[in-house]
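The values are calculated or read from the model by the stated rules, or taken from the named source; none is laboratory data. What you are looking at is a predicted structure, and each value in this text was computed from that prediction instead of being measured. Cβ placement follows ideal geometry from the backbone for every residue including glycine, while neighbour counts extend to all protein chains displayed.
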Amino acid sequence: MVSEEQVRASLGDVVIPEVERNLIDLNLVRSIVIKDGRVYITLAATALSPGVQEYVTAGIKAVMKRSQADDVSIEFVEAKPADLNQVKYIIAVMSGKGGVGKSVVTALLATALRRQGHEVGILDADITGSSIPRMFGLKNRPLGSDTGIMPLATQSGISVMSMNLLIPQEESAVIWRAPLLSRAINQFWSDVLWGSLDYLLIDLPPGTADAPLTVLQSIPVTGIVIVSTPQGLVEMIVKKAVNMAQKMEKPILGVVENMSYFYVPELDRRYEIFGKSKATEMVEAAHAPLLAQLPIDPELARLCDDGEIEKYSSPVVDTLGQALAREIEKTRSAK
C-alpha cells in the first residue's frame, strides 16, 4: 500500500505551468488521508482557475498511477493566499534616491540566492516604475482566479510579481494617487500565492513616502538592504532612507554601493567614474556592513536590456548573496 510520504513525493512532481512550482512548494496540499486502500487528497483552490484545477487533477492521477495508487479522490477547498504563504526572510531593497540601481541590485541578489539553491521571490513594489519583469524577460500575464494570483517564474525559477505583468503594455503609465499605490503593494503581499519561500525580496520605489512606509508598516520585513552610489548628492539623500529605517526600527542588513568603479581588464585598473567611493561613510551612517561594491559593467547593462540578467556571471555577485545570508544569520542569532 502506498504511504503518505510516497503520496507527498508524487505530488511534488505536479508542476503548475507558468509558475513552474509544484503543489508542495506552493503549500496547496491541505491533507492526505489513506483509508481502506483509497487515497484522499485535499488541495487549496487558491489562485487556481477551473482549467488549472482540471490540469492539476489530471496530473495528480497520472503521478499516482505511477505510484500504483489508482483509487484517488481529489477535493479542492477555499483558502486565502495569506494562509498558505510561508516566507522565512523578507528583505526590502531601499534607497532615498532614484536611479541608483535598486532594481538591478534586487535582481542580482535574487539570482545569487537562487544559485545557492534557495527558493526566492521578488515583490516589485515600484508600482509606477516597474523594471524587474524586463530584466528577467517576463512578458506573460500571471495565472489566477477570484481567490488569488500566482507570480510568474523566471528561467531559473525565481517567482516575480509586478504591476508591469498586469497592465496591457509595459510602457503603459500607472497614474495613481498614493492610496491606490499602497493598496496595490498590500495586495501583492496578501493576495499573491507565494507558497514556501526562503527569501522574498521587495524592490522599493525611491524616497521615504507612502510606498516604503506601507511596506515597512504592513509587511513583516526581516531587514533592509540600502543601495547607494559614490556621488555626494546621492549619499546625502540615501541617508534619509537610513534614518527612516532606523526610526521604523527595521534592521539594516547591509549597504551595497552600486556603480562603484569601472574596471579595464587590459590595464588591470579601476576608474572611479562617479568620484571617490562613499562606502565607508554609508556604512558608518547605517551601522551596517558593506555587502558589496558593484562595478559599472556594460555586459550587465546589455543582459538587463535583453531580459537575461540571470546569465550575468561575476564573483562579486556571488559574494553579495553570501554576505546577505551571513548578515541575516547574525541578526537571527542576536535576537
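Within the stretch 1-52, the residues that satisfy the criterion of being among the hydroxyl-bearing types (Ser, Thr, Tyr) and loosely packed, with under 13 Cβ neighbours inside 10 Å are SER3, SER31.
Considering PRO289, PRO298, the condition of being surrounded by 14 or more Cβ atoms within 10 Å (Cβ to Cβ) and not hydrophobic (A, V, I, L, M, F, W, C) is satisfied by PRO289 alone. The set of residues in the stretch 298-335 being touching a residue at least 12 places away in the same chain (Cβ under 8 Å) and outside any helix (DSSP H, G or I) consists of ASP306, GLY307, GLU308, TYR312, SER314.
Quick one: in the stretch 143-153, of everything that is assigned to a loop (DSSP other than H, G, I, E, B) and surrounded by fewer than 22 Cβ atoms within 10 Å (Cβ to Cβ), which residue is farthest from the chain's Cα centre (by Cα)? Result: ASP146.
The rows are residues; the columns are (1) charged (D, E, K, R); (2) in contact with a strand residue (DSSP E or B) (Cβ under 7 Å, 6 or more places away or on another chain).
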position	(1), (2)
GLU5	yes, no
PRO17	no, no
ASN27	no, yes
ILE32	no, yes
ILE41	no, yes
ALA44	no, yes
ALA62	no, no
ARG66	yes, no
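Let's see how each residue does on (1) at pLDDT below 90; (2) touching an Asp or Glu at 6+ places or on another chain (Cβ under 7 Å); (3) in a loop (DSSP other than H, G, I, E, B); (4) of a type in the set (Lys, Arg):
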residue: VAL52; (1), (2), (3), (4): no, no, no, no
residue: ALA58; (1), (2), (3), (4): no, no, no, no
residue: LYS65; (1), (2), (3), (4): yes, no, no, yes
residue: ALA69; (1), (2), (3), (4): yes, no, yes, no
residue: PHE76; (1), (2), (3), (4): no, no, no, no
residue: ALA82; (1), (2), (3), (4): no, no, no, no
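Tallying residues that are surrounded by 24 or more Cβ atoms within 10 Å (Cβ to Cβ), of a type in the set (Ser, Thr, Tyr) and more than 10 Å from the chain's Cα centre (by Cα) within the stretch 82-110 yields 2. Looking only at residues of the stretch 111-132 that are within 22 Å of THR214 (Cα to Cα) and not in a strand (DSSP E or B), we find that the one that is modelled with the highest pLDDT is ILE132.
Residues in the stretch 13-34 that are among the β-branched types (Val, Ile, Thr), in contact (Cβ under 8 Å) with a residue 60 or more places away in the chain and not in a loop (DSSP other than H, G, I, E, B): 1 in all. Confirm whether THR46 is touching a Gly at 6+ places or on another chain (Cβ under 8 Å) and over 22 Å from ALA209 (Cβ atoms). It is true that THR46 is touching a Gly at 6+ places or on another chain (Cβ under 8 Å) and over 22 Å from ALA209 (Cβ atoms). Residue count for the stretch 35-50, restricted to those that are at pLDDT below 95, assigned to a strand (DSSP E or B) and more than 15 Å from LYS65 (Cα to Cα): 1. Selection of the stretch 254-282 for residues being β-branched (Val, Ile, Thr) and surrounded by fewer than 19 Cβ atoms within 10 Å (Cβ to Cβ) yields VAL264, ILE273, THR280.
In this structure, PRO230 qualifies as buried (at least 19 other Cβ atoms within 10 Å of the Cβ), without any contact (Cβ under 8 Å) to a residue 60 or more places away in the chain, part of a loop (DSSP other than H, G, I, E, B) and not hydroxyl-bearing (Ser, Thr, Tyr). Which residue out of VAL225, VAL221 is in a loop (DSSP other than H, G, I, E, B) and either touching a residue at least 60 places away in the same chain (Cβ under 8 Å) or β-branched (Val, Ile, Thr) (or both)? Only one candidate passes the filter, namely VAL221.
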